[in-house]
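For reference, the structure discussed in these notes is given below.
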Amino acid sequence: MHRVGSAGNTSNSSRPRKEKRLTYVLSDANDSKHSAGINCLAVPKSSIDGCDFLFTGSRDGTLKRWSLAEDVASCSATFESHVDWVNDAVLVGNNRLVSCSSDGTVKTWNSLSDGGCTKTLRQHSDYVTCLAAAEKNSNVVASGGLGGEVFIWDLEAAYAPSAKSNDATDDECSNGIIASGNSLPVTSLRTISSSNNISTHPNQSHGYVPIAAKGHKESVYALAMNDSGTLLVSGGTEKVVRVWDPRTGSKTMKLRGHTDNIRALLLDSTGRFCLSGSSDSMIRLWDLGQQRCVHSYAVHTDSVWALASTPSFSYVYSGGRDLSLYITDLSTRESLLLCTGEYPIQQLAIHDENIWVATTDSSVHRWPAEGRNPQKVFERGGSFLAGNLSFSRARASLEGSTPVPVYKEPTFTISGAPAIVQHEILNNRRHILTKDAAGSVKLWEVTRGIVIEDYGKVSYEEKKEELFEMVSIPAWFTVDTRLGSLSVHLDTPQCFSAEMYSADLNITGKPEDDKVNLARETLKGLMAHWFAKRKQRFGSQASANGDVLSAKDTSARSLSHSRLEADGNAENDSMVYPPFEFSTVSPPSIITEGSQGGPWRRKITELDGTEDEKDFPWWCLDCVLNNRLPPRENTKCSFYLHPCEGSSIQILTQGKLSAPRILRVHKVVNYVIEKMVLDKPLDNLNPDVPFGPGLSSTVGDVSFRSGLKPWQKLKPSIEILCNNQVLSPDMSLATVRNYIWKKPEDLVLNYRVVQGR
């Protein structure tokens, strides 16, 4: 488990982020496919209402329920609330699904529901990597993580009303967002440090707290529990198997033998025998009664990450980093290579005669396994005797005696969407070029969350060069692809630094010189559904005078954040312009957090209008509802305007001028003409140079409109230069400064009359 930052909640800064971040995750496909590697699988022990199901948890942050028929699997629910990788999932009791994530939480769900989270359990200080459940005690679930913590949860106690306002659990309402009825703020999940660790701020507990099994000094990667819930085993980077009594959290023994991280554990139903898989490539069988290793199996040539056994615990299926799935007879030590794939194997789940295999790819494969009578598969021949030293298989592999897989192709595949593996934010700061794991290159529009060009399998580098534009727009968002999709992060106040003229965005019905703040309009687009639902619920109060931000809240924040600037021409301008309309077919998901309850994730079309400052960052609501932006860095560009050497004209200026960074060079031309003083008559006046009425600009902090004096109706052709290079009229001052001027000092522009026109 790599220590990589979470999509919604990390920062490269060593200081805590002052304001909460808002992230939106883009989706190119419908909701029926995972878009990143599959970390976990869960199969019900028996059919539910005559239906077979498979549950998958992915690095894309979601879980899915698949309805299985003969060689058909349809996604019947997506469970979306985690804000980072889903690392493990178990089914317990009557239709309860429990999952854990790198977001530091354990969540529970009704496995037959449409995907709403029923409870969030917050006790871990770091990524939660593994879970274990007791087959015959549906209340007991154990969780382990990178913080070295192992907690044993009594789910019924966690659900009890007395637990509602403690620091370990959150109730969640039907839409998956933290309910606002809690009288106490729940644990604040993250203070971000340079190492991206999560640190909790524990409040004094007033309710249920899980049992802690204390003893691990380092990360925990694997857990297993016996059927009755009286025995728990754990393993991780300490290379030992620890055995616990989960009823008390007390240690009972420690088993040594592995020489590297323990990555997978299994217990038989009675709790006498334990199987462990390790990064040392070995599988070990332990007799807990004798407190020793009774067999070791050298089957794999690399780390063992996944184990699954038959109910009798006589055969073990194993997979890992060497891409291979083996079956081993634990008594005879016979091993057989069932199949070899393209990706490392993360988890295994036996289902009748087959075995489901999860890998670092976004697809799930079903292979034949003779699960009810594994001896059948050995009758095909090709088995070998597992060594008892880890190098024996590796040595055999080097000598060319690699076993031949029994099966060449899976019997069925649930296909995923290829994860994005490369991305480049283009200079216009509205488009992102991506390349996915299948080699397809696509162009995304960030302000609408859609793919606008699918180039297919072309050269990513060549396409990147082809799309290069010499434009300069501030970096108003950041992006990562940790979840397999584009996660676009907005942080205040930086996100409000980019503006464009409405004419450049092709917005009709708006004065073409109106400045459009890209983040503000993007937020309006993202929250359009929420805003509409809110208006239905609260009427006109949904806007500035609503109860989302009280006057007290806003005034207090205004004092602490300097003044707030109103933006745009119309107060509470809630219209969403076409360049900022998000898809409702493949809507993005929002990842954020408000003043209570910790981070959450939800599709924008599933927000119901009840969410408020407890759920959203206050600055987002202040922008969308009250039309206000926080103070930003200077959006002006200072420059000097001088005649070219030997020029026949000069203009009256007052030293240094100032204009918006997005001002186009053709506005500077207009300014020169407006202010022109002619030294001598010109023969080359050109009355046909287009100069539209009503265009306005601010140069020298003075706003002017192009009302021309009669003598100026015959206009000369003017060129603007920088560093002796003639500038295109469409260039902005920011672009000139970045690509032509290239100096820290104030920009110097020169003007001259074009001769011979």
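Cα centroid separation, the range 413-469 to the range 609-633: 31 Å. For Glu453, the residues whose modelled amide H falls within less than 5 Å of its own, excluding neighbours fewer than 5 places apart on the same chain, are Leu443.
State the percentage of accessible surface on the range 34-116 attributable to carbon and sulfur atoms; use a 1.4 Å probe and exclude ligands, DNA and RNA. Taking all protein chains in place, the range 34-116 shows 41 percent carbon and sulfur surface.
Separation between the Glu342 and Ile651 pseudo-spin-labels, each 7 Å from Cα along Cα→Cβ, expressed in nm? Distance between label points: 6.0 nm. Just name one of Leu63, Trp85, Val98: the one whose Cα is farthest towards the positive end of the charge dipole of the range 34-116 (beta-carbon charges, Lys/Arg +1, Asp/Glu -1). Checked the options; the winner is Val98.
Based on protein heavy atoms only, the range 573-620 ends up with 30 Å² per residue of surface accessible to a 1.4 Å probe.
Across all directions, the average projected area of the convex hull around the alpha carbons of the range 315-377 is 3.9 nm². Placing a pseudo-label 7 Å from each Cα along the Cα-to-Cβ vector at Glu453 and Asn30 gives an inter-label distance of 2.9 nm. Average accessible surface for the range 307-463: 43 Å² per residue, computed with a 1.4 Å probe over protein heavy atoms with every protein chain in place.
Which chymotrypsin sites (Phe, Trp or Tyr not before Pro) in the range 425-486 sit in a loop by DSSP (not H, G, I, E or B) and have at most 12 other Cβ atoms within 10 Å of their own Cβ? Walk me through the numbers before you get to the answer.
Working: sites: Trp444, Tyr455, Tyr460, Phe468, Trp476, Phe477; in loops: Phe468, Trp476, Phe477.
Counting only loop positions with at most 12 other Cβ atoms within 10 Å, the chymotrypsin sites (Phe, Trp or Tyr not before Pro) in the range 425-486 are Phe468.
The portion of the accessible surface of the range 444-501 made up by carbon and sulfur, rounded to a whole percent, is 50 (1.4 Å probe; DNA, RNA and ligands excluded). Met470 exposes around 80 Å² of accessible area when a 1.4 Å probe is run over every protein chain in place. Size estimate for the range 238-376 follows the Kirkwood approach: the inverse of mean 1/r over distinct Cα pairs works out to 15.3 Å. Probe radius 1.4 Å, ligands and nucleic acids ignored: give me the carbon and sulfur share of the accessible area of the range 230-312 as a rounded percent. C and S atoms contribute 44 percent here. Ordering Trp530, Trp85 by accessible surface, largest first, gives Trp85, Trp530; the 1.4 Å probe counts only protein heavy atoms, with every chain in place.
Please give the FRET efficiency for Asp114 paired with Phe412, using the beta carbon to beta carbon distance and R0 = 25 Å, rounded to the nearest 0.05. Write down the numbers at each step before the final one.
Values: r = 25 Å, r/R0 = 1.00.
It comes out at approximately 0.50.
In this structure, Glu445 and Ala532 have a Cβ-Cβ separation that, at R0 = 22 Å, corresponds to a calculated FRET efficiency of about 0.50. Put simply, when 264-272, 55-63 are sorted by average Cβ atoms within 10 angstrom per residue, most first, you get 55-63, 264-272. Accessible area per residue for the range 34-116 is 29 Å², calculated with a 1.4 Å probe on protein heavy atoms, without ligands, DNA or RNA. The largest-to-smallest principal axis extents of the Cα set in the range 58-149 are 42, 31, 22 Å. Placing +1 on the Cβ of every Lys and Arg and -1 on the Cβ of every Asp and Glu, with no other charges, gives the range 34-116 a dipole of roughly 200 debye about its Cα centre. Taking label points 7 Å from Cα along the Cα-to-Cβ direction, Glu334 and Val748 give a separation of 8.8 nm. Remark on the range 272-350: Rg and Dmax equal 11.9, 40 Å (Cα only). For Gly207, the amide hydrogen comes within under 5 Å of the amide hydrogens of Asp167, counting only partners 5 or more places away or on other chains and with H modelled in the peptide plane.
The range 73-92 and the range 296-354 have their alpha-carbon centroids 24 Å apart.
The values are calculated or read from the model by the stated rules, or taken from the named source; none is laboratory data. Values in this document were obtained by computation on a predicted structure and should not be read as measured data. No Cβ is skipped: glycine too gets one built from the backbone with ideal geometry, and neighbour counts run over all protein chains shown. Note: accessible area is taken over every heavy atom of the protein model, side chains too, but ligands, DNA and RNA are not part of it. Shrake-Rupley method; radii C 1.70, N 1.55, O 1.52, S 1.80 Å.
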